[in-house]
């Protein structure tokens, strides 16, 4: 189910919304030059981490894996990203967006149970043990 085109589109939308949440938080919590640095820097840093640490055998990696990691570590990175994004929405005052984002992310991971199980079973970089 995790490779369903609709589910992949939802995942992509969640990733973009998560990056927006990080930028929103940086923008609303600070003033001056720090506002601009955080609004641009936090999403840029998160996107870099997201694209750098990958499981080589993951179909979403498209064969490009700058830093190969085991499945559970990738799953942890994803959960930390989505949790941080939800927190950023809530902390920036966008409570409804935080609830919607959290709910959609939870449903996405429930529907993607096959990928979650695969990531948890992936103990070595590049293989599904």
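Below is a table of values for the structure above.
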item	result
Cross-chain or 6+ apart pairs with Cβ under 6 Å, segment 70-91 first and at positive phi and surrounded by 18 or more Cβ atoms within 10 Å (Cβ to Cβ), then at pLDDT below 95 and part of a helix (DSSP H, G or I)	none
Hits in segment 104-116 - residues which are loosely packed, with under 14 Cβ neighbours inside 10 Å and in contact (Cβ under 8 Å) with a residue 60 or more places away in the chain	113, 114
Matching residues, segment 5-26, being free of Cβ contacts under 8 Å to residues at least 60 places away in the same chain and over 23 Å from residue 92 (Cα atoms)	5, 6, 8, 9
Near pairs, Cβ below 7 angstrom, 6+ apart or cross-chain, from segment 32-48 (touching a residue at least 24 places away in the same chain (Cβ under 8 Å)) to any residue that is surrounded by 12 or more Cβ atoms within 10 Å (Cβ to Cβ) and in a helix (DSSP H, G or I)	43/19; 43/22; 43/23; 46/19; 46/22; 46/81; 47/19
Index of the failed condition, residue 119 passing every other in (1) surrounded by 18 or more Cβ atoms within 10 Å (Cβ to Cβ); (2) at pLDDT 95 or above; (3) under 16 Å from the mean Cα position of the chain (by Cα)	(2)
Residue 55 under 18 Å from residue 122 (Cβ atoms) and either surrounded by fewer than 17 Cβ atoms within 10 Å (Cβ to Cβ) or touching a helix residue (DSSP H, G or I) at 6+ places or on another chain (Cβ under 6 Å) (or both)	yes
Within segment 92-103, considering residues that are crowded, with 16+ Cβ neighbours inside 10 Å and under 15 Å from the mean Cα position of the chain (by Cα), the one nearest to residue 9 (Cα to Cα)	101
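The values are calculated or read from the model by the stated rules, or taken from the named source; none is laboratory data. This structure is a prediction, so every number in the text was calculated from the model and none was measured. Cβ sites come from the backbone with ideal geometry, for glycine too, and all protein chains shown count toward neighbours.
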